[in-house]
Each structure stands twice: as structure tokens, then as C-alpha cells.
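The values are calculated or read from the model by the stated rules, or taken from the named source; none is laboratory data. This structure is a prediction, so every number in the text was calculated from the model and none was measured. Heads up, the Cβs are rebuilt from the backbone with ideal geometry, glycines too, and the neighbour counts pull from every protein chain shown. Remember, those area values only see protein heavy atoms, side chains included, never the ligands or the DNA or RNA. Shrake-Rupley method; radii C 1.70, N 1.55, O 1.52, S 1.80 Å.
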Amino acid sequence: MEGRIAMEHRPKRWEILRRFPRRRDQLLPVLHALQRANPRNYLSPDDLRAAAEHLRLPLAAVYDAVTFYSMFSLVPRGRHIIRVCRSPTCHLLGATPLIGALERELGIRAGETTPDGLFTLEVVSCLGLCDRAPALMIDEEPFGPLSPGDVGALLARYREVVR
Amino acid sequence: MKAFAERKILLSNVGLIDPERIDDYLERGGYGGLRAALERTPADVVEELKESGLRGRGGAGFPTGIKWEFVLKSRGKTRYVVCNADEGEPGTFKDRVLMEGDPHRLIEGMAICGYAVGARRGFIYVRGEYALSIRRLERAISQARERGFLGRGILGSDFSFDIEVRAGAGAYVCGEETALLESMEGKRGWPRIRPPFPADHGFRGRPTVVNNVETLANVPEIVRRGAAWYRTLGTADSPGTKLYPLSGALTRTGLVEAEMGIPLRTLIFDLGGGPPEGRELKGVLVGGAAGAFLAPDELDIPMDFGSLRRIGAILGSGAVLAFDDTACVVDLLGSVLSFFAHESCGQCTPCRVGTAVLVDLLARVRSGNGDASVLDAMRRVTEVMEVASLCPLGQSVGLPVGTALEKFRGEFESHLKRGPCPRCEAATEVHA
């Protein structure tokens, strides 16, 4: 069993897991921590196996939970996750043109990652930012209200940091 | 007639204190409720809550004191307090404002609850997207521990209680209390069949109080100032104040607090500033996506549990989503239905299939493909969902559908006759 998780960033992963008691109710906290530590912002097969092993759960139980919750990803994502809200309030106040502007500016469709690995665009149910609709979050930072014309300047702030 | 305005009790500190400094909270009387509770017996505190008439602010409106009494009198020795902070109802952001702006009020309310029901551990299940709420709560909890408001032997008593924050991971259904408990146990958030209720069989099978953030935030003042004071606020049926999140086509969106029973008209026109210049109010979705559409001739309705129930609506989260004459109700209902189809957990067939069928039927209305029988089909689907769905998610979809069809029927019929309006056309260009 040990050998199977011996690949990418294993020592770091062990450092993370040791903080969590080996109980099933720790599954979501463990998955959040592993995903946060993964440079590609997702849960790799090795992450899943490590979580299962640490919590003494069948791998299927871990996979089951991961696929249920929208914040966990099984595919690599960009450095920044853009979560754009399409709740009824945001929809009413212009989420659709905002999503369109984001797709054009990023050159990708919702659910995809830019080729440079900088952004992933996700369309989500409701962010609880209805007083600032239409709204989005980039990583943990909320923004709104936004019009399609605001998108370029907003993304530029994140692009500049990289250069 | 009573004159209504903002009345800040839960929000009395928000924006005025630094939520990351416990001293700010203490200077304004914070933790006085916990101190007062510890001087009384747990049964006494539960009695005070019962007398206050506080009803759960998560949407169902169940009397909080009675819920606490179930747990206090339960047989199990290990008991838990769980705060439902999985706020995800569209149009709703009240719990976020409380947690970000005055986290100690929630922590104090939970500690009092723990003392009253005999629990030693509490959990706050916060939706994963609320990163700032999580950070503020964690900081507040560690400050409360340092000052002896949490931990072993609180304030020199023999009562011990501690709180842990748990982050959700993006699933609206986890706002349903038994789905939330499943999620906390490390499983997919599938609602449990009730009974048994969490008061008997909650977190890890133990007796558990599950209360909403706003409910628990009411507790410190009730204990500090008494049930009689609390009952001077609001209505006999729904005592206290309520947080009303205002959103949509309003001049001033944001969170307001007012006494229960404030007329919807006052919320929209006085506190929300009415629709933007030159526009007319067309309707309001009250209580969240799982709430009811109201027409402009229903604005005098008092915003409390009983009054809304009497007209076939619900208070729900208290959310007020206003829309003006530039909006299309068919399009707006389409957004509501897409939300439910996406968030249906898939466990029970009526909801999993029903939400998908409703999305398809609405698409036919949008594009003008069909006749009035499409609208009848929508009603039949929601009737099945109301009686046969496992949890409130599926059971409540009939409310927005039924009220939209009833109050804005002409708009649905005109789409069927003439085809899509510009708003519907724009909305269907997008995918995902």
C-alpha cells in the first residue's frame, strides 16, 4: 500500500495528513487540505489514495464524496479559480453577458482551463453575494457588481502578478 | 398602524466593531448572555427560550426552545450542537454578514445552547465558498478560548464546551439538516429519511441540536434581556427581529434587520429604495428560490411566518428578490429551475427526474414550442414532487412554479403563442 502513494510531493502530503485524526468525519477537511496543497488545484489519484489510506476508507468511498461536491476537482485546474455565479439574482442582473465576456476574454468555455494554466472558469449555483449581483469570486476574493466591460481590467490584475 | 423601520439587534455590532477583536465585542456587552446563562440551570435557560417564542430562522420556523428541550431530555450522554451555516439559498446572504461582521455573537449563542442542552462539543458547518466567514470564525473561536469563554470550565463553572469549524464543499442540499450531518460524517450529502430527527439521532447517531446562524445569534440577547423583552418585538406568532436580504432590481440592495411583520412594501420601497429610476416593480420572489412569487398587489403582506403561510407563501430565509418591468418571469423561473436541477442530489427519483423534466418543459415555453398543456404538465410534475420527494429541496419546487404560473400566467401564455422574448433568447445562448 505504501508504495502506491510514493510519487509526487509525498513528504508534504504526509505532513498534511498527520494533522488529521483517522476518522471518517475528517474526510472533507482532509480533501480540502490536499486540494489546497496540490499545485494544480485538484485531487490527483495519489491524493485520493492517500486520503483513503489515512482514514482507512475504501477508495470508492473517497471517490464517491469527491464527485458529489462541486468544489473538488478530479482534473487539474488553473492557478486561479474563477467562480461566476448564475443564481436567479445574478441571472436577473446580467450573469449571462458577464459569463460571455469572461469566456471571450479568457478564450475558453465555462469548465475549462486556459492553456497557460493561469485560470479555470467555473459557473456556480449561488455565492451568497446577491447584494452585489452579478458577482464572482476569484479564489477567495469576491467581486461585484460587474459588467462585461469590467472583465478585462479585473483579469489583468491577476495576470500582472505572474509577470 | 405600527410604523416600521430598521431595528438592529443582531446587526447592532456589524460595521461598528472590528470582528477580529474580541475586546470590541466585550465592550458592547458581549458574552453577558453566556455569563447570565451559567448562573441558571440548563432547564431554566431552555424554558426562557421556549417562552421567547424564537422560531428557527433557517426557513422552517420550528420553535427553537422545543428543539432544545428534545435534546436536553434525550437519553444519550454525548450530545452535539451543530450550527447550520451552509447558506446557499439564492438571494440570501444574511448568515455571511453575521459571521463576517460579528462572529462572537454566534459563538456565544452556541455556547449557551451547549450549556442548555448538555453538549460539550459544537460544530459550525460553513459553506466552503465563505472563506472570510471561516477565517473570522476560527480567529474568534481561538480568542474565545484564550479568554475562557470556550474550553474547559468556562468562566469558572464546571461547564466545558468547544467549537470546531467545518467547511462544506459546494452542495446546496447540505443546507438540509440531515444532509449536512451526513456531510459532516464524511459522506456525500444525501438527506436522511426522517424520523428519526437529529434531536434523537444526529451527528454520529447522537442527539444533536441543528440551528441556523441567525437563530443562534438571537440567543445571547434573549438570555441577557429575557423572554418578555423579546416578545415586545415582532408579532405574537413570530417574535423578534428578522434579517431580510434585499437583492435584485432595487436602488439599495443589502441586508436589513427589522421587526417580524414589517410589510413587504416597506422593505422594498422605504429600505430598498424601490426599483431603479424609471422602472416599475413587476414582482418579488420571497423566501429564496424555494419561495413564492408575489405580484405587486400583494405588497402589504407582513413578512412573518404566519402571514406568509396564510397566503400560500413562505418566509423561508427572509430573502426579498425584486424584479422590474425589464425582467421576464419565464426567464427568471428558468433560472430557478436550472438551479434546482443542478442542486438536486440525485437520491430520490421524483426530485432527480422532476427537476430535469421541469427544465425541459420550461425550455419549451421559452421557445414557444407547445400549448397550455405544457403548463399543466409542469403543475403535474411539481404535484408529484411535493408529495413524493424525500426532502424539502424537491418538495418546495412546486412553490415558485405554482406561484409564477398563477400570478404571471399571461406571460407564459404569450411565450407559447409568440415564441421567445429577447430576454429568453439571450439567456438560452449560454450553456453550462
Segment A:9-91: C-alpha pair distances exceeding 18 Å, %: 42
Two-decimal ratio, the protein assembly as shown, of alpha-carbon radius of gyration to 2.2 N^0.38 Å: 0.95
Distance between segment B:255-334 and segment B:165-234 - C-alpha centres, whole angstrom: 26
Under 5 Å, built H, 5+ apart or other chain: amide partners of residue B:80: B:208, B:209
Protein-protein interface of segment A:65-83, residues with accessible area decrease of at least 30 Å², isolated chain reference, 1.4 Å probe: A:68, A:69, A:70, A:71
Reciprocal mean inverse distance between Cα atoms of segment B:241-324 - Kirkwood radius, Å: 12.2
Charge context of residue A:115, other residues only, Cβ under 15 angstrom, K/R +1, D/E -1: +1
Amide hydrogen neighbours beyond the local backbone of residue B:187, cut-off 5 Å, H modeled: none
Cα gyration tensor shape of segment B:285-432, rounded if a/c is under 1.5, else prolate or oblate by comparing a/b with b/c: oblate
Computed helical MRE - 222 nm, the protein assembly as shown, DSSP H runs ≥ 4 contributing -39500 (n - 2.57), nearest 500: -12500 deg cm²/dmol
Probe 1.4 Å, all protein chains present, accessible-area order of B:280, B:411, largest first: B:280, B:411
Per-residue SASA entry for residue B:78, accessible area with 1.4 Å probe, Å² rounded to 10: 60
Other protein chain Cβ atoms within 10 Å, averaged over every residue that makes up B:87-98: 5
Rounded if a/c under 1.5, otherwise prolate or oblate - segment B:311-378, Cα gyration tensor axes: oblate
Per residue solvent-accessible surface (Å²) - chain B, probe of 1.4 Å: 37
Exceeding the 28 Å Cα-Cα cut-off - candidates B:50/B:407; B:67/B:187; B:67/B:282; B:50/B:187; B:73/B:94: B:50/B:407; B:67/B:282; B:50/B:187; B:73/B:94
Helix B:409-418 vs. chain B, principal-axis angle (Cα, 0 to 90°, nearest 10): 40
Vicinal HN-Hα couplings computed from phi for segment B:339-350 (Karplus, 6.51 cos²θ - 1.76 cosθ + 1.60; Hz; Gly/Pro x): 4, 5, 5, 6, 9, 4, 7, x, 6, 9, 5, x
Built amide H within the under 5 Å cut-off of residue B:255, gap 5+: B:246
On Cα atoms only, tilt of A:45-55 relative to the major axis of chain A in degrees: 60
Chain B: mean projected area of Cα convex hull, nm²: 20.2
Accessible area buried, both sides summed, chains B and A with 1.4 Å probe, Å²: 3700
Modelled FRET efficiency - R0 35 Å, residue B:147 with residue A:116, Cβ distances, 0.05 increments: 0.15
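Quantify, in whole percent, the carbon and sulfur part of the accessible surface of the protein assembly as shown (1.4 Å probe; protein heavy atoms only). Show your work: numbers first, answer last.
Values: 11640 of 23080 Å².
Accessible surface attributable to carbon and sulfur in the protein assembly as shown totals 50 percent.
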Segment B:22-230 - convex hull of alpha carbons, volume per residue in Å³: 110
Cα gyration tensor of segment B:158-203 - equivalent ellipsoid semi-axes, whole Å, descending: 21, 16, 7
Listed residues B:242, B:67 arranged by accessible area, highest first, probe 1.4 Å: B:67, B:242
Bins of 10 Å from zero: percent of alpha-carbon pairs in segment A:25-163: 12, 38, 30, 17, 3, 0
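Pull out the extension gain between residue B:157 and residue B:229, defined as 0.36 nm times the separation in residues minus the alpha carbon to alpha carbon distance; nm, one decimal.
In short, 23.2 nm is gained.
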Peptide-level mean, for A:90-101, of C-beta atoms on other protein chains within 10 Å: 5
Accessible surface of residue B:201 - all protein chains present, 1.4 Å probe, nearest 10 Å²: 90
Accessible area (Å², 1.4 Å probe, nearest 10) - residue A:87: 0
